[in-house]
Amino acid sequence: LLAQSIRSYVAADPKQAENFLRTVSGAADTPHSVEAYVEAFTQYDPEEAAAWLGALSADDLLYRPEHARILIEEWSQTDSVAASAWLREKAEGPERDAAISGFAQTMITFEPGVVAAWANTVSEPKARLKLLDQSITEWAKTDPISALEWVKTADIEPVLRDALANEIGAD
C-alpha cells in the first residue's frame, strides 16, 4: 500500500514524494518503497530521476546501487538512446553494473549484440560472467551465427570464449 501511494504521489509532485519518503518511519529500510519511488519517478521524468539518483551520496538513506537497475530498465523502454548515453557516463562500480543489468533486461530481444558488449563491461567478475552467459544464450536462440561471431571476436578470456562457443553449439 505504501509503494502504491508513493507511485501516486510522484505523479503529483516528485520532490514532495521524496520528502514524504524520507519522513515515513522505516521507509528507507523498506526497499520496495524506495524502488517504487525510483520506478515512478523514472516513468514521470527519466532525466530528472537520473539526476536525482546521481545527486544522492552513498551514505544517503535512500541510496542503493540497485536503484540504477530500476532507472535504466524503465528508461530504456521509452528512450534506449538516452538511457545508454547516461550509462556510458557512469564510472565503473556497483551502480553501473546494476544499470547494465537493467539495460540488458529491456534490450536483450532488440539489441542482443549491444547487450553482450555491455555485459562484458560489468566490473564484478561473477556478475559479468552471469550476465554475459545470459546475453549470449538469449542471442543464440534467435541468431546463433551472429552470437558465435561476437564470441569469437570479443575481448574475453579464452576459457570463457570456449565455454560460450560450446553453449551456442560451435565445434
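The values are calculated or read from the model by the stated rules, or taken from the named source; none is laboratory data. The structure displayed is predicted, hence computed values, not measured ones. Neighbour counts are summed over all protein chains in view; Cβ atoms, including those assigned to glycine, are modelled from backbone coordinates with ideal geometry. Surface areas here come from the heavy atoms of the whole protein model, side chains and all, with no ligands, DNA or RNA. Shrake-Rupley method; radii C 1.70, N 1.55, O 1.52, S 1.80 Å.
Could you tell me which of the residues K130, K141 is modelled with pLDDT under 95, open to solvent by 20 Å² or more (accessible area, probe 1.4 Å), assigned to a helix (DSSP H, G or I) and over 30 Å from A58 (Cα atoms)?
Details: K130 fails: over 30 Å from A58 (Cα atoms).
Result of the check over K130, K141: K141.
Give the residues of the stretch 1-56 that are in a loop (DSSP other than H, G, I, E, B) and modelled with pLDDT of 90 or more, sorted by residue number.
Result: D13, D45, L56.
Taking the condition of being under 24 Å from T78 (Cα atoms) and within 13 Å of the chain's Cα centre (by Cα), how many residues in the stretch 122-136 meet it?
Selection size over the stretch 122-136: 2.
Which residue is least open to solvent (accessible area, probe 1.4 Å), if the candidates are limited to the stretch 106-127 and must be of a type in the set (A, V, I, L, M, F, W, C) and outside any helix (DSSP H, G or I)?
V122
Yes or no, residue by residue, for (1) closer than 30 Å to F20 by Cβ; (2) modelled with pLDDT of 95 or more:
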residue	(1), (2)
P94	yes, yes
T121	no, yes
R161	no, no
G169	no, no
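Only one of these conditions is not met by L56: (1) more than 25 Å from E18 (Cβ to Cβ); (2) out of contact with any Pro (no Cβ under 6 Å at 6 or more places or on another chain); (3) not hydroxyl-bearing (S, T, Y). Which number is it?
Unmet for L56, out of (1) more than 25 Å from E18 (Cβ to Cβ); (2) out of contact with any Pro (no Cβ under 6 Å at 6 or more places or on another chain); (3) not hydroxyl-bearing (S, T, Y): (1).
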